[in-house]
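Structure record follows, encoded as structure tokens.
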Amino acid sequence: MGELFIIRYAQASFGQADYDRLSELGFRQALLLEAFFNRIGTRFQSIYSGSLKRQVDTAETLRSCFRADVPQMEEERRQKRDERKTTSMGMGVKNGL
């Protein structure tokens, strides 16, 4: 049976001029999440994120957790997602759910 992970983006830069970027702590959080998924052997079939920079940066950090046969997201698909102004949180699907 497949598993679904729902992950909120890592900490943004609250109180800074550019709030929509990960803070230093946010980058560390994303790296810890990546290390956790690698340690338990999770290999994602796909990852979806909103179009905000902090969401995309959190999802991109998990790139090493993709299965080897999963192609990188095509730019055209990324643009279509951005056009729809997706606001969903990052999600990962493991084992073909």
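We did not get these values from a lab; they are worked out from the coordinates using the rules stated. As the structure is a computational prediction, the values presented were derived from the model and not from experiment. Cβ atoms come from the backbone with ideal geometry, glycine included; neighbour counts cover every protein chain shown.
So the values come out like this:
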{"read-out": "Net charge of neighbours whose Cβ lies under 14 Å from the Cβ of Leu22, counting Lys and Arg as +1 and Asp and Glu as -1", "value": "-1"}
{"read-out": "Which of Thr42, Thr58 has the fewest Cβ neighbours within 10 Å, and the rest in rising order", "value": "Thr42, Thr58"}
{"read-out": "Theoretical gain in end-to-end length, Asp20 to Arg67 [0.36 nm per residue, Cα-Cα removed]", "value": "14.1 nm"}
